[in-house]
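Below you'll find the structure, written out as structure tokens, and then a few comments.
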Amino acid sequence: MVGAGHTRFGALSDGPKALLRSAVQAALGSVDKGLTAKQIDEGYLATLGFGGWQIGNAASLLAEEVGRPGMAVHHVENACASGGFALRQAVQAIRSGDVSVALVAGLEKMTDVSSSRRRYWLGVSGDTEWERLAGLTFPGVYALLASRHRVEYGTSPEALAAVAVKNHDNGALNPNAHLQKRLTMEACLASPRVADPLGLTDCCPVSDGAAAVLLASADIARRLTDTPVWVVGSGAGSDFLAVQDRESLTSLRATKVAAAEAFRHAPFTRAQLDLAEVHDCFTIAEIIALEDLGMITAGRGGSLALAGETTLHGRMPVNPSGGLKAKGHPLGATGVSQLYEIFQQLRDEAGERQVKGAERALAHNVGGSGATATVLLASL
Amino acid sequence: MSALRSASLVRPVWEYRGRSVEGADEDEFTLLVRAGELLLESAGPGARRPPRRLMTVTELDEGAHKALADAWGLPTLDTVTFPPTELGAYQALTQALDEDAVPGEGAVWVLAARTASPRPGATSGSEPPAHDAAAVALAFEGTSGVVSARKTGGHIGADGPGLAVERAFARWWPAPTVPWRAVWATGFRYPEGTIPWERIAGLPPGGPQPPLPDLAFEDDSPLGPLVALAIAARDTPIGGAAPSLWFHATSQIVAVRELARTGPTTVATGGPAPAKPLSITDETWEARRDPPLNAVSEGAYLPKARYLESLPARWRLEGDRCGACGRWTLPPREVCRFCGKSSHLTRDRLPRSGAILEAVTVIRKGAQPTEFDYHESTHGSYAVAVARFPPGPRLTFQVTDVDPTQVVPGQVIETVLRRLYPQEGTWRYGLKARVRADIEPTGELVPPRAEEPVLVEDDEPAPTHAKGSGGHRAPAKGGPSRPSGSRRT
């Protein structure tokens, strides 16, 4: 990684093209020794096309907005894991030797549409026939996972709330975050219910935003900056689309498969991680993620949050950016935004939310309720 | 002569202003499906025999009749339809009771259903319903069961129905004896408002009165005579005094029948009721007036062809059981989606009852897909659960006929066919879950743990590359090496 750009996340007045332009131009501008658009070989755009504003051929906009018309572009769509998969594809393209410099951008514009249309778009990435048309949207699907997690492990509403409180604490320090205000445990527990046991504060907001990352092959990266951040592992996996068909209701196989692959030949272990950006679209998702990633024993994710181990100053800082929960979750942008955060953190440029001395980091991105997932590992 | 061998009576669990009313996810079709299911099951496990003929006293069209057979998993049925009036019910019953029964030829079913919801376009949906909602299914077969011992009746003349009823009753009932049970199943009303038994049967005024019917159908409903017969069958003691059934059909005919029991009759009622009656508020009743039947999905869309394709799984829980890995695939496919084998698949059906809830949520206002906006406005929040069937597979259901906050993991459910959501001019139907209040939950819930969290220590193989050596950094462009870091073997 040689450069990264990020827009503010939130309910923004900018349209999708302006957001995309802003993120990719910021990424270009962030390359220490300078990079011009014409040096980029290929582009990868992660977006669901929320609202239907440009579902087909959206990736060509990437070439337009970065100012490199004509370059090969790819639209990558795996729901909320689009960003992670786009990054993985770029990494693989560079490893193959065919691509030297890749631009990966993620984008979503979610607040333009009416509330009924938004509820539709928030549901398109689950199983339509057996889940959605039984009356579920994603809060409902994750609520089912939380319900089962409570049955099997006793994970309480307080444990869920602890995740929200911690991520809001971090989000309050992130100038790009959608929700930059702290929450109390009491406020979380008293928040209106959305899909029991999940309340409003257990759910990520609906956000606009874009993020972009520039990746380069090792030799070129060393020419572009003195402090590149290396992507040292990448894994991806999938599972049945409908939760009902999966092996477990308290674990995402896609995450486990992705993590196993990413760590298989990684130059560090889970215990050596300095921070993790994990997919916390709902508070329960962060708990399950830490278990599936192998960072804590199955069933203990809730107590980890309650014990304060995952705060910025805890033993295992999780989601220093505020996560999807506080930073916001513009679907396609999220996976790319995680790498932006890691780029900042490992280069010691994360300001108030800096994890001291961070050298090794993990990014975990999930599509929908776990039908797809990626894990990326990065180090200085 | 033919005998009433079994009957089923379905009353919705909802009430509005003292009347039994169907839930917003029920209609004549779903009530009939339920009544027929109960009839099939009352014959005993494994005895789902299709009727030789189906006689319906409903407004349902040909397509709905085919759908009934689909829902029951029966082949296309020989169907006779009667107009949905008392006269239609009279004709159907007369034909079923009086036809010469041939043992072993299969049953003749008579079905009727009635809803209580306001009709579309009604000026005010909050007006109380005019009648109770119910469905009834009767199976006539052979000569063992409840039979019609005697009958009388006649046409109503110029002197009005009152006198015609009295004349018919007097002919049929010579002795001044209180009938064991007389079911008032007619739209005809005496001016007194009650049945003047003393005048009809010569009873002394103020003397014992026959019990009143369980359900009143005070308009021209086909349900009255059929429900009356089902109740008579349910309550008739073997060898006891004969009950009487009488009814008046429309403005033309009066009929009175004496019933006798010549053998056992099974009567099933609509399953376990909730602990307390579920009431519908004025607001949600009002909201039922105009279902958005012509809604077109703004979103996750299931084309009608795909909906129809998956009916066997959606309505009857049909799937393929894989002999190689033991897993089920619903809807059926050519290949087991778990192990990929195709040679060991057997078509099978999951049991309608006995699945256990593994995970539960309550979808609050605003968290429902747009398809369920109507459901939310007519019923409020609803529960959705993942249920595991005894053979292994899980399915996701909306849980119906219940206060959603009372649904918890561990409860045992049965499935019922209900309306799911309106789409492009028709209702889409599918199975929902009903909590079996008569079966104790399995109580799987565990208390929260107080243990300290344990972060994973080095459980992975030690790194193969020292930090700083680059690990699996990308090779130079065009480089020959292919790092294994992201390769599967």
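The values are calculated or read from the model by the stated rules, or taken from the named source; none is laboratory data. Just so it is clear, the model here is predicted, and its values are computed rather than measured. All Cβ positions, even for glycine, are placed from backbone atoms using ideal geometry, and neighbour counts span all protein chains on display.
If B:Glu86 satisfies every condition in (1) in contact with a helix residue (DSSP H, G or I) (Cβ under 8 Å, 6 or more places away or on another chain); (2) modelled with pLDDT of 90 or more; (3) within 29 Å of B:Val147 (Cβ to Cβ); (4) not hydrophobic (A, V, I, L, M, F, W, C) but one, which is the exception?
That leaves (2) as the condition not met.
Only one residue in A:Phe50, A:Phe85 is hydrophobic (A, V, I, L, M, F, W, C), at pLDDT below 95 and either closer than 23 Å to A:Ala371 by Cα or surrounded by fewer than 24 Cβ atoms within 10 Å (Cβ to Cβ) (or both), so which one is that?
The match here is A:Phe50.
Determine which single condition B:Arg321 fails, assuming it passes every other condition in (1) part of a strand (DSSP E or B); (2) modelled with pLDDT under 80.
Of everything listed in (1) part of a strand (DSSP E or B); (2) modelled with pLDDT under 80, B:Arg321 misses just condition (2).
Could you list, in sequence order, the residues of region A:179-195 that are under 20 Å from A:Pro139 (Cβ atoms) and out of contact with any helix residue (DSSP H, G or I) (no Cβ under 6 Å at 6 or more places or on another chain)?
Matches in region A:179-195: A:Ala187, A:Ala190, A:Arg193.
Could you count how many residues in region A:111-126 are buried (at least 23 other Cβ atoms within 10 Å of the Cβ) and in contact (Cβ under 8 Å) with a residue 40 or more places away in the chain?
Residues meeting the conditions: 2.
Could you count how many residues in region A:1-58 are of a type outside the set (Asp, Glu), over 19 Å from A:Ala350 (Cα atoms) and assigned to a strand (DSSP E or B)?
Of the residues in that region, 5 qualify.
Quick one: what pairs do we get from region B:88-102, first residue among the small types (Gly, Ala, Ser), second surrounded by fewer than 17 Cβ atoms within 10 Å (Cβ to Cβ), C-beta under 9 Å, 6+ apart or different chains?
Partner pairs satisfying both residue conditions: B:Ala92/B:Val80; B:Ala101/B:Met1; B:Ala101/B:Thr143.
Quick one: in region B:414-434, of everything that is under 16 Å from the mean Cα position of the chain (by Cα) and more than 13 Å from every other protein chain (Cβ to nearest Cβ), which residue is surrounded by the fewest Cβ atoms within 10 Å (Cβ to Cβ)?
B:Glu414
If you take the residues of region B:364-375 that are more than 7 Å from chain A (Cβ to nearest Cβ) and either surrounded by fewer than 22 Cβ atoms within 10 Å (Cβ to Cβ) or part of a loop (DSSP other than H, G, I, E, B) (or both), which of them is nearest to the chain's Cα centre (by Cα)?
B:Asp373
Pull up region A:189-226, narrow it to residues that are touching a residue at least 60 places away in the same chain (Cβ under 8 Å) and of a type in the set (D, E, K, R), then point me to the one that is surrounded by the most Cβ atoms within 10 Å (Cβ to Cβ).
Selected residue: A:Asp202.
So B:Pro332 fits all but one of (1) part of a loop (DSSP other than H, G, I, E, B); (2) closer than 30 Å to A:Gly52 by Cβ; what number is the exception?
Failing condition for B:Pro332: (2).
Filter region A:307-325 down to residues that are crowded, with 24+ Cβ neighbours inside 10 Å, within 11 Å of chain B (Cβ to nearest Cβ) and either among the small types (Gly, Ala, Ser) or out of contact with any Lys or Arg (no Cβ under 9 Å at 6 or more places or on another chain) (or both), then give me how many there are.
0
Considering only region A:146-182, state which residues are under 11 Å from A:Gly322 (Cβ atoms) and of a type in the set (A, V, I, L, M).
Of everything in region A:146-182, those that are under 11 Å from A:Gly322 (Cβ atoms) and of a type in the set (A, V, I, L, M) turn out to be A:Ala164, A:Ala172, A:Leu173, A:Ala177, A:Leu179.
Can you tell me how many residues within region B:346-361 are over 23 Å from the mean Cα position of the chain (by Cα) and buried (at least 20 other Cβ atoms within 10 Å of the Cβ)?
So the answer is 3.
Here is a list of conditions, (1) part of a loop (DSSP other than H, G, I, E, B); (2) closer than 30 Å to A:Leu122 by Cβ, and A:Leu304 meets all of them except one; can you say which number that is?
Looking at each condition in turn, A:Leu304 falls short on (1).
Rundown of residues vs (1) touching an Asp or Glu at 6+ places or on another chain (Cβ under 6 Å); (2) under 21 Å from B:Arg349 (Cα atoms); (3) surrounded by fewer than 24 Cβ atoms within 10 Å (Cβ to Cβ); (4) of a type in the set (Phe, Trp, Tyr), yes/no style:
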residue: B:Glu26; (1), (2), (3), (4): no, no, no, no
residue: B:Ser42; (1), (2), (3), (4): no, yes, yes, no
residue: B:Arg52; (1), (2), (3), (4): yes, no, yes, no
residue: B:Leu60; (1), (2), (3), (4): no, no, yes, no
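Scan region A:354-380 and report the pairs whose first residue is more than 16 Å from A:Leu48 (Cα to Cα) and whose second residue is in a strand (DSSP E or B) and aromatic (Phe, Trp, Tyr), with Cβ atoms within less than 8 Å and a gap of 6+ or a chain change.
Close Cβ pairs satisfying both conditions: A:Ala378/A:Trp230; A:Ser379/A:Trp230; A:Leu380/A:Trp230.
Can you work out which of the residues in region B:302-326 that are within 9 Å of another protein chain (Cβ to nearest Cβ) and in contact (Cβ under 8 Å) with a residue 60 or more places away in the chain is farthest from B:Arg347 (Cα to Cα)?
This residue is B:Leu302.
Looking for something more than 23 Å from B:Val147 (Cβ to Cβ), in contact with a Lys or Arg (Cβ under 9 Å, 6 or more places away or on another chain) and at pLDDT 90 or above - is there at least one such residue anywhere in region B:91-109?
no
Pick from A:Val336, A:Val366: which is more than 14 Å from chain B (Cβ to nearest Cβ), hydrophobic (A, V, I, L, M, F, W, C) and assigned to a strand (DSSP E or B)?
A:Val366
So in region A:283-299, with the set limited to residues that are more than 7 Å from chain B (Cβ to nearest Cβ) and part of a loop (DSSP other than H, G, I, E, B), which one is nearest to A:Leu380 (Cα to Cα)?
Taking the candidates together, the pick is A:Leu293.
It is to be established whether one or more residues within region A:315-323 are part of a strand (DSSP E or B) and under 14 Å from the mean Cα position of the chain (by Cα).
yes
Is it the case that some residue within region A:238-253 is part of a loop (DSSP other than H, G, I, E, B), among the small types (Gly, Ala, Ser) and either under 16 Å from the mean Cα position of the chain (by Cα) or under 30 Å from A:Leu183 (Cβ atoms) (or both)?
yes
Checking B:His379 against (1) within 13 Å of chain A (Cβ to nearest Cβ); (2) at pLDDT 90 or above, only one condition comes out false. Which one?
The one condition B:His379 does not meet is (2).
Every residue in region B:389-405 that is under 21 Å from the mean Cα position of the chain (by Cα) and more than 8 Å from every other protein chain (Cβ to nearest Cβ), please.
B:Phe389, B:Val399, B:Thr400, B:Asp401, B:Val402, B:Asp403, B:Pro404
Being within 14 Å of chain B (Cβ to nearest Cβ) and in contact with a Phe, Trp or Tyr (Cβ under 8 Å, 6 or more places away or on another chain) is the filter here; which residues of region A:76-100 pass it?
A:Leu87, A:Gln89, A:Ala90
Return the residues of region A:230-282 that are among the hydrophobic types (A, V, I, L, M, F, W, C), farther than 18 Å from A:Asn78 by Cα and more than 12 Å from chain B (Cβ to nearest Cβ); say none if nothing qualifies.
Answer for region A:230-282, where residues must be among the hydrophobic types (A, V, I, L, M, F, W, C), farther than 18 Å from A:Asn78 by Cα and more than 12 Å from chain B (Cβ to nearest Cβ): just A:Leu275.
Restricting to region B:365-394, count the residues that are in contact with a Ser or Thr (Cβ under 9 Å, 6 or more places away or on another chain) and under 17 Å from B:Tyr421 (Cβ atoms).
Matching residues across region B:365-394 total 16.
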